[in-house]
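Peer 1: Quick one: the structure is below, questions incoming.
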Amino acid sequence: MTISLQSCHITVHDVDEALAFYRDALGLDVRNDVPSGEGRWVTLGTPGVPAPEYVLSTPHSGRPKADGDALQDLLAKGALPMIIFSADDLDATFERVRASGAEVLQEPIDQPWGPRDCAFRDPSGTMVRIAQAPKA
């Protein structure tokens, strides 16, 4: 039996603002853009890689009001889990994301547990880490 991650939801305040980060700065491709009530769900993915996909949506998109309100409160507090991407060239990725104006939380450093990584905040305040595996 094989199991793997198919998709991951990323809750954002504003989908268009998030696209400037995830599509333009990180380089993900838009695969789907679907209206959902008053909001929409946008699916992105790494070019040439079928999965996982990343689904951007606002707290109330496709959710009951009470659930959307609770999610909105967590998003506003910065209490949603971080997202960790991998990159084959961390330094070039860092420079591209920094040049986009994204808030830098940590410049690239070698971590004691192995990878070299950096960190940003996306436009909604979620921490996004980018890691590169140690060279053999």
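Peer 1: So for the range 34-49 (the condition being surrounded by 12 or more Cβ atoms within 10 Å (Cβ to Cβ), out of contact with any Cys (no Cβ under 6 Å at 6 or more places or on another chain) and of a type in the set (D, E, K, R)), does at least one residue qualify?
Peer 2: Yes, the range 34-49 contains at least one residue that is surrounded by 12 or more Cβ atoms within 10 Å (Cβ to Cβ), out of contact with any Cys (no Cβ under 6 Å at 6 or more places or on another chain) and of a type in the set (D, E, K, R).
Peer 1: Which ones in the range 102-129 are touching a helix residue (DSSP H, G or I) at 6+ places or on another chain (Cβ under 8 Å), over 15 Å from PRO81 (Cα atoms) and not aliphatic (A, V, I, L, M)?
Peer 2: Hits for the range 102-129 are GLU107, PRO108, ARG116, ASP117, CYS118.
This table checks each residue for (1) closer than 30 Å to LYS135 by Cβ; (2) without any contact (Cβ under 8 Å) to a residue 12 or more places away in the chain; (3) part of a strand (DSSP E or B).
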residue: ASP33; (1), (2), (3): no, yes, yes
residue: PRO47; (1), (2), (3): yes, no, no
residue: GLY62; (1), (2), (3): no, no, no
residue: ALA70; (1), (2), (3): no, yes, no
residue: ALA79; (1), (2), (3): no, yes, no
residue: ASP91; (1), (2), (3): yes, no, no
residue: GLU95; (1), (2), (3): yes, yes, no
residue: VAL104; (1), (2), (3): yes, no, yes
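Peer 1: Test TYR22 against the criterion of being in contact (Cβ under 8 Å) with a residue 24 or more places away in the chain, surrounded by 13 or more Cβ atoms within 10 Å (Cβ to Cβ) and in a helix (DSSP H, G or I), and give yes or no.
Peer 2: yes
Peer 1: Residues being surrounded by 14 or more Cβ atoms within 10 Å (Cβ to Cβ) and touching a helix residue (DSSP H, G or I) at 6+ places or on another chain (Cβ under 6 Å): count how many of those fall in the range 84-101.
Peer 2: The qualifying residues number 2.
Peer 1: Just to verify a result, which residue in the range 118-130, among those that are touching a Leu at 6+ places or on another chain (Cβ under 7 Å) and assigned to a strand (DSSP E or B), is farthest from LEU19 (Cα to Cα)?
Peer 2: CYS118
We did not get these values from a lab; they are worked out from the coordinates using the rules stated. Quantities reported herein were computed from a predicted structural model and do not represent experimental measurements. Cβ: placed from backbone, ideal geometry, glycine included. Neighbour counts: every protein chain shown.
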